[in-house]
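Structure record follows, encoded as structure tokens.
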Amino acid sequence: MSCSYQGRVSNVEVLTDNKDNPWQLLSSWQKTLWQHHKLFQDAENCHTLALTALADGVDAATAQGAALLTWRAQVRDNWCDGRRRP
């Protein structure tokens with residue numbers, strides 16, 4: 001369900017007020033990029049968990065309902081057993 005960027009980042013530039021050279025390399029960009037990634041992943045996890053809550057009370061008698069409840073159980077199990085990388 002989640003979409004991920006599959007490229008490779010080699011640097012990060014930020015826009016400055018300098019008219020001659022408006023783009024400047026961001027120092028310690030690797031740390032900043034990793035912090036952004038962790039925040040984004042936390043948001044993805046929160047949204048996925050919220051979507052599973054919407055499956056509460058779904059009728060398992062239909063193929064779609066059964067699939068949705070299976071997905072919900074998988075998300076729940078992964079959420080409970082998962083560990084966040086530092």
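The values are calculated or read from the model by the stated rules, or taken from the named source; none is laboratory data. What you are looking at is a predicted structure, and each value in this text was computed from that prediction instead of being measured. Here the Cβ is made from the backbone with ideal geometry for all residues, glycine too, and neighbour counts use every protein chain on show.
Flag set for Thr48, criterion: of a type in the set (S, T, N, Q), touching a residue at least 24 places away in the same chain (Cβ under 8 Å) and surrounded by 11 or more Cβ atoms within 10 Å (Cβ to Cβ). Within the set of pairs 6+ apart or on separate chains, which have a first residue in the stretch 16-39 that is free of Cβ contacts under 8 Å to residues at least 60 places away in the same chain, a second that is of a type in the set (Ser, Thr, Tyr) and not in a loop (DSSP other than H, G, I, E, B), and C-beta atoms under 8 Å apart? Listed by first residue and then by second, the contacts come to Leu26/Thr32. For Val14, indicate whether it is modelled with pLDDT of 90 or more and either in a loop (DSSP other than H, G, I, E, B) or of a type in the set (Val, Ile, Thr) (or both). Judged against the criteria, Val14 is a match. Filtering Ala67, Ala50 for residues that are aliphatic (A, V, I, L, M), part of a helix (DSSP H, G or I) and modelled with pLDDT of 90 or more leaves a single hit, Ala67.
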